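Shown next, in structure tokens, is the structure this report addresses.
Every number in this text was worked out from the coordinates using simple rules, so none of it is lab data. Everything numeric here is computed off the predicted structure, so don't read it as measured data. Note that we place each Cβ from the backbone using ideal geometry, even for glycine, and neighbour counts take in every protein chain shown.
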Amino acid sequence: MFHIARPEDIKSGRVADVYFENATAVLRAKGIRKHVLAEVRATSLPHGYDWAILAGVEEVAYLLSGLPATGRCMPEGTLFKAGEPVLSIEGEYTDWAVYETALLGLLCQASGVATKAARCRVAAGEKLLVSFGARRMHPALAPMIERNAYIGGCDGVAVGASADLIGITASGTMPHALVLVVGEAVKAFRMFHEVMPPNVPRICLVDTLCDEKIEAVAAAEALGDALQAVRLDTPSSRRGDMLAIAQEVRWELDLRGHQHVKIIISGGLDEGDILKLNQCADGYGVGTAISNAPVINFALDIVEVEGTPFTKRGKPSGRKDVLRCRECGARRTVPAGSPTRCACGGEMEQLLQPLTEMGEVVREMKPAPEIRRYVMEQVRGAGA
């Protein structure tokens, strides 16, 4: 069997850290039933990050549905800063305590993936960016990973189940295996062109058997105007200077009149590699850097008990509002109910919005393409 938690295990609280079960048992045995307010925030972000993207909200709403608790949350895809509460939950503590582990897990990993994808998108600019990372994680997580890679800024994803969840067509052309099984690169390229329907891009993988520029030129001569791009996925043992390899390929293609053929690069790329390769590449496939992105280290802390501000050392007590100016984009975290005018005179919007009311989901969940557009607007606005 697969070593994964079933959906019913998550919904029933069976994936909780055991100390939450212990705390619940003690409180119930002693008849202590108190109404609390807790907030989720990341005190710091991964090294070098000035902002992050909130993801996993739709799954959190499903987790909280049916529980006698009320949640407020930033919209999925919202850019947030360190220290800002992204979600609050309130109700009788023993009614929802065992869900803390799952709630944080849903937000931490999804937000990490979406944030890294957004950083890669910023590096790539308008160039093609496709998520190739499903093979680096447990397959049960593939749809979650690629959905969040997409909303963070990837143009496409490689796995069919992920694409179905998002509502797009999976992106992909050929593996090295096709060339190896056929036995000869040009023959494999021609077979691919003959068999694949028109909606599959004619992108040939040109580093299997020969020098990349040799196979790239051979692909262009075999497919002619039908060839849209070549992909370079040179193994690290043969890579050397990837930019120089791509520049050689570009030179040889252009010299022979194949200026229309684009160059896609994949294989161990991160945002720094993308910035370097932008001068020659037309697109990227990014895998491990996105699927194995640093998680956002959220924590959940009680900040109010029975209506009174009360929390642990090192945390600010009391319920809060997170405000963003509609005009200049300035942000403030303030005690709930504070004035909502910005220093610039613009109106401050409340980012913590109703998510659930006593177990009923009260927010319309946006489709992934709409969330992705929202992310792109904010990232551009942040000057990233």
- Extension length gain for H260 and A29 (0.36 nm per residue less Cα distance), in nm, is 75.9 nm
- Query: Rounded to the nearest 500 deg cm²/dmol, what is the calculated helix-only ellipticity per residue at 222 nm for the chain, with -39500 (n - 2.57) per DSSP H run of length n ≥ 4?
  - Reply: -11000 deg cm²/dmol
- Item | J(HN,Hα) series, the stretch 310-323, from Karplus relation 6.51 cos²θ - 1.76 cosθ + 1.60, nearest Hz, glycine and proline x | 6, 8, 7, 4, x, 10, x, 7, x, 6, 9, 10, 10, 10
- Give me V379, V181 ranked fewest to most by other Cβ atoms within 10 Å of their Cβ, as a rough exposure proxy. V181, V379
- Along principal axes, Cα extents of the chain, largest first, whole Å: 78, 57, 35
- Task: Please turn the phi angles of the stretch 280-294 into ³J(HN,Hα) values with the Karplus equation 6.51 cos²θ - 1.76 cosθ + 1.60 (θ = phi - 60°), one per residue in order, whole Hz, x for glycine and proline.
- Result: 10, 7, 10, x, 9, x, 10, x, 4, 4, 8, 5, 9, 4, x
- Item | Kirkwood Rh and Cα Rg combined as Rg/Rh, the stretch 1-125 | 1.02
- Ordered by fewest other Cβ atoms within 10 Å, a rough proxy for footprinting exposure, W51, W96 read W51, W96
- Note on the structure: Classified through the alpha carbon gyration tensor (a ≥ b ≥ c as square roots of its eigenvalues; rounded if a/c is under 1.5, else prolate when a/b is larger than b/c, else oblate), the stretch 312-373 comes out oblate
- From the cross-link list K34/K320; K34/K81; K127/K320; K11/K127, which pairs have alpha carbons spaced over 29 Å apart? K34/K81; K127/K320; K11/K127
- Counting other beta carbons within 10 Å of each Cβ, put S162, S171 in order, fewest first. S171, S162
- Message: If a paramagnetic tag sat 7 Å from the Cα of Q228 along the Cα-Cβ line, which residues of the stretch 251-272 would have the backbone N under 16 Å from that point?
- Response: 260-265
- Most packed first (mean Cβ within 10 Å per residue), the peptides 364-376, 5-17 order as 364-376, 5-17
- Task: With only alpha-carbon atoms counted, please give the Rg and Dmax of the stretch 127-291, in Å.
- Result: 15.5, 46
- Task: With an 8 Å cut-off on Cα pairs and a minimum separation of 6 or more residues, tell me the relative contact order of the stretch 127-291 in percent.
- Result: 25
